[in-house]
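Notes follow once the structure below has been shown.
No lab work stands behind these numbers, since they all come straight from the coordinates. Just so you know, these numbers come straight off a predicted model, no measurement behind them. Here Cβ is always computed from backbone atoms with ideal geometry, including for glycine, and neighbour counts include all displayed protein chains.
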């Protein structure tokens with residue numbers, strides 16, 4: 001659809017933050033238009049098809065423990081397939097299941113027997129999880145802030161659990177292996193794992209953004225339209241200029257910094273994911289396999305075990321991730337070892353490197369950063385909150401409320 005000459009609100013960026021803003025404003029009866037340079041909605045949360053397989057932009061999952069996910073998405077319509085809550089740890093070549101015993105009681109004995117330390121240290125892991133999962137968020141956010149590694153050591157989880165489980169598991173989530181991430185963000189993240197489930201939509205992670213976008217009239221969505229310049233009352237694009245009562249920049253951190261200088265850019269994390277196909281899955285349960293100390297892989301997982309729709313023909317689709325850029329040849333043997341298969345069984349499908357996968361969250365945690373820049377100009381995204389689907393959607397919700405206050409004092413929800 002062609003751009004109008006004027007709109008009440010223009011949202012720049014059709015990622016989850018921008019979609020969260022636009023859908024709320026549209027539901028409030030506001031004339032809002034959404035503009036994005038990409039040909040698809042969802043931003044970094046997207047999916048492509050390769051030889052019939054669904055390939056997300058890096059290994060991504062949907063965590064139902066995120067408050068905004070539970071509140072804002074129709075999870076039933078996404079037709080989610082589920083991972084088990086936990087992971088497989090390999091020690092001396094032997095795989096051990098480490099799972100949440102509340103959700104998978106049949107594997108409790110395996111978890112107790114896993115080589116993660118003595119009984120006191122295993123009890124400390126349970127206490128750490130209970131604290132993050134059930135203490136009020138305000139108390140977690142007012143606890144003394146440390147790095148994630150310092151917090152885990154202070155929790156006395158033990159060296160074996162730290163190096164064999166927490167470091168590789170969190171490296172795959174935080175996209176950094178030194179665990180310099182804020183302990184406050186670790187608490188929020190661990191809370192979501194304790195309270196939620198981890199799943200994949202039947203149509204891939206792209207289905208999340210598409211579900212939100214479907215709540216907007218088609219004529220207000222302007223894709224493949226590059227934004228060149230913004231101010232509080234106008235947006236100049238490759239398709240023309242549109243004036244507005246308010247402008248929201250809901251892009252990735254680097255684009256936001258370019259459009260809103262001197263807004264600082266956020267140091268990005270990166271990840272490379274190699275996709276392989278196996279004739280069949282080597283596992284009975286949908287569990288992620290953690291990388292081993294000294295290895296390149298942070299994790300490797302048969303995604304089609306959780307969501308069979310990712311595979312067109314019943315074969316197993318494996319996603320294996322590294323934090324440093326790697327070639328498929330460099331990690332092929334390590335992937336085979338993690339999955340317990342022969343190197344010859346692995347058929348390379350494709351590899352995906354995401355250089356701006358998420359912003360860093362170091363000490364001190366700076367969540368809920370201001371979204372109102374003044375003069376009708378707003379900014380949102382996970383770089384203004386926390387680096388997650390939750391952060392993007394929560395930032396979008398805060399921004400929508402702020403815009404509504406500007407347009408109609410006292411309105412909002």
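Below are the figures for this structure:
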quantity: Residue order, fewest to most beta carbons within 10 Å, for 85, 272, 251, 180; calculated: 180, 85, 272, 251
quantity: Mean Cα-pair separation over length for region 1-138, i.e. relative contact order, pairs under 8 Å, 6 or more apart, %; calculated: 11
quantity: Value of relative contact order over region 116-195, rounded to a whole percent, pairs C-alpha under 8 Å and six or more apart; calculated: 45
quantity: Histogram of C-alpha separations across region 330-402, 5 Å bin width, %; calculated: 3, 14, 17, 12, 10, 8, 9, 10, 8, 6, 3, 1, 0
quantity: Descending principal axes extents, region 281-374, alpha-carbon based, whole Å; calculated: 57, 32, 23
quantity: For 348, 104, 33, order by how many other beta-carbon atoms lie within 10 Å, fewest first; calculated: 348, 104, 33
quantity: Directionally averaged shadow of region 26-81, computed from the convex hull of its alpha-carbon atoms, nm²; calculated: 5.9
quantity: Inter-label distance for residue 362 and residue 163, nm, one decimal - labels placed 7 Å from Cα along Cα-to-Cβ; calculated: 2.5
quantity: Counting all C-alpha pairs of the chain, share separated by more than 30 Å (%); calculated: 43
quantity: Quotient of Cα Rg and 2.2 N^0.38 Å for region 116-195, N being how many residues it contains; calculated: 1.00
quantity: Computed over the chain: relative contact order in percent, which uses C-alpha pairs under 8 Å that are six or more apart; calculated: 25
quantity: Helical contribution to [θ] at 222 nm, DSSP H n ≥ 4, -39,500 (n - 2.57), averaged over the chain, rounded to 500; calculated: -9000 deg cm²/dmol
quantity: FRET efficiency, residue 348 to residue 134 (Cβ-Cβ, R0 60 Å, nearest 0.05); calculated: 0.85
quantity: Dimensions (Å) - region 172-223, Cα atoms, principal axes, largest first; calculated: 45, 23, 17
quantity: Relative exposure of 395, 183, judged by other C-beta atoms within 10 Å (fewest first); calculated: 183, 395
quantity: Spread of Cα-to-Cα distances over 5 Å intervals beginning at zero, given as percent, for region 34-143; calculated: 2, 8, 11, 16, 15, 15, 14, 10, 5, 3, 1
quantity: Region 71-211: radius of gyration and largest Cα-Cα distance (Dmax), Å; calculated: 16.1, 47
quantity: Residue among 253, 101, 136 with the largest mean-square fluctuation in a Gaussian network model of the chain, springs linking Cα atoms under 10 Å; calculated: 136
quantity: Most mobile of 341, 98, 271 in a GNM of the chain (Cα contacts under 10 Å); calculated: 341
quantity: Label-point separation in nm, residue 40 to residue 178, each point 7 Å along Cα→Cβ; calculated: 3.4
quantity: The chain: most fluctuating residue of 400, 239, 319 per GNM, C-alpha cutoff 10 Å; calculated: 239
quantity: Computed label-point distance, nm, for sites residue 77 and residue 226 using a 7 Å Cα→Cβ extension; calculated: 3.4
